[in-house]
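These notes concern the structure reproduced below.
The values are calculated or read from the model by the stated rules, or taken from the named source; none is laboratory data. Given the structure is predicted, the values throughout are model-derived calculations rather than measurements. Cβ atoms come from the backbone with ideal geometry, glycine included; neighbour counts cover every protein chain shown. With ligands, DNA and RNA removed, areas are computed over all heavy atoms of the protein, side chains included. Shrake-Rupley method; radii C 1.70, N 1.55, O 1.52, S 1.80 Å.
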Amino acid sequence: MRASSGRAHVSGAETLTKEEDIITVASSFLLRALCHKKGAPSEIVLTVEKLKEGPSPVTLLPVKTLDCTSPGRAKIIIKELLKKEGVSETSIKKALSLVYSSKTMRGASLMDMKTGRRLEPDRSRGIRVSRLGIEETSEERLSEMLEKLGINTTRVKEALILASKVASCPGIVAELCISDDPDYTTGYVASKRLGYQRIPNIKKRGSLSGGRVFFVKTGSDIGRIIRYLEKKPVVVSVER
Ligand code: PML
């Protein structure tokens, strides 16, 4: 589901579901679009597609919430984490100026981890991670796990599932995310090795900035990465 108002993105949601659950899931997505805090959208696009191939299994990233009290400190943490994944200073600088700019991006940006060059073919559209869901038996386990951490919300679940798919994509070394919701101030850095590292106070309340950057190994096949992120069905499961 994608809801927009003119050219501005209002809300979006993706999932994989069984045929008998389509109506329930579609209504919940429509309700979400219609009741969004950003106001009623002028357009809602709801797409339902039958999968042509079975989903591949992916393991959910481990979650950690870091101690962070200000956007200034958040930037230091982001730099430290991304450096551990080999992302260059130049790329980190470019990514930070992108996600902290008030011009919110529609989809995610793909960035060369060394040169900081943006690699997505259409900058205004960006990359839309799609065809992702959670394995049925893992859903409850995920809720229980997040409940214990006091973060059992749809937003955290969806971001975690998305980050797990992104981290499983060959050629992607890390992701940086800041929510574009002015009232939501927790973001994250994620990668296969670092897991899903939540950063509170990543931006000031009321700030309109936000976005996602996926850092790509230099020399990767970009078409292949985009096909994986946008088209490959992936179902995430929680390790026991
Ligand atoms: C969003 O959906 O606005 C992005 C949320 C990112 C952080 C979610 C979390 O609290 O872990």
(request) Return yes when Y184 is under 19 Å from Y100 (Cα atoms), of a type in the set (F, W, Y), within 15 Å of the chain's Cα centre (by Cα) and part of a loop (DSSP other than H, G, I, E, B) and no when it is not. (result) yes
(message) Against the condition of a type in the set (S, T, Y) and out of contact with any Ser or Thr (no Cβ under 8 Å at 6 or more places or on another chain), how does S91 come out, does it pass?
(response) no
(request) Considering each residue of the range 116-155, count those that are in contact (Cβ under 8 Å) with a residue 40 or more places away in the chain and in a helix (DSSP H, G or I), and give that number. (result) 7
(request) Check every one of the strands (runs of 3 or more DSSP E) wholly within the range 18-77 and list those with 2 or more residues that are of a type outside the set (A, V, I, L, M). (result) 56-59, 63-65
(message) Suppose we keep only residues that are open to solvent by less than 20 Å² (accessible area, probe 1.4 Å) and of a type in the set (F, W, Y) within the range 154-198. Which one would you say is farthest from the ligand (Cβ to nearest atom)?
(response) Y196
(message) So in the range 66-92, with the set limited to residues that are more than 20 Å from the chain's Cα centre (by Cα) and among the polar types (S, T, N, Q), which one is surrounded by the fewest Cβ atoms within 10 Å (Cβ to Cβ)?
(response) T69
(message) Quick check on my filter: what residues within the range 93-115 are open to solvent by 50 Å² or more (accessible area, probe 1.4 Å) and either within 19 Å of the chain's Cα centre (by Cα) or touching a residue at least 24 places away in the same chain (Cβ under 8 Å) (or both)?
(response) K94, S97, Y100, S102, K103, T104, R106, K114, T115
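Quick one: how many residues across the range 41-58 are open to solvent by less than 80 Å² (accessible area, probe 1.4 Å) and over 23 Å from V236 (Cα atoms)?
Here the count works out to 3.
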(message) Which count do you get for residues in the range 208-232 that are open to solvent by less than 60 Å² (accessible area, probe 1.4 Å), farther than 14 Å from S97 by Cα and not in a strand (DSSP E or B)?
(response) 9
(request) Within the range 87-106, identify whether any single residue is away from the ligand (no atom under 16 Å from the Cβ), within 22 Å of R224 (Cα to Cα) and part of a loop (DSSP other than H, G, I, E, B), and answer yes or no. (result) yes
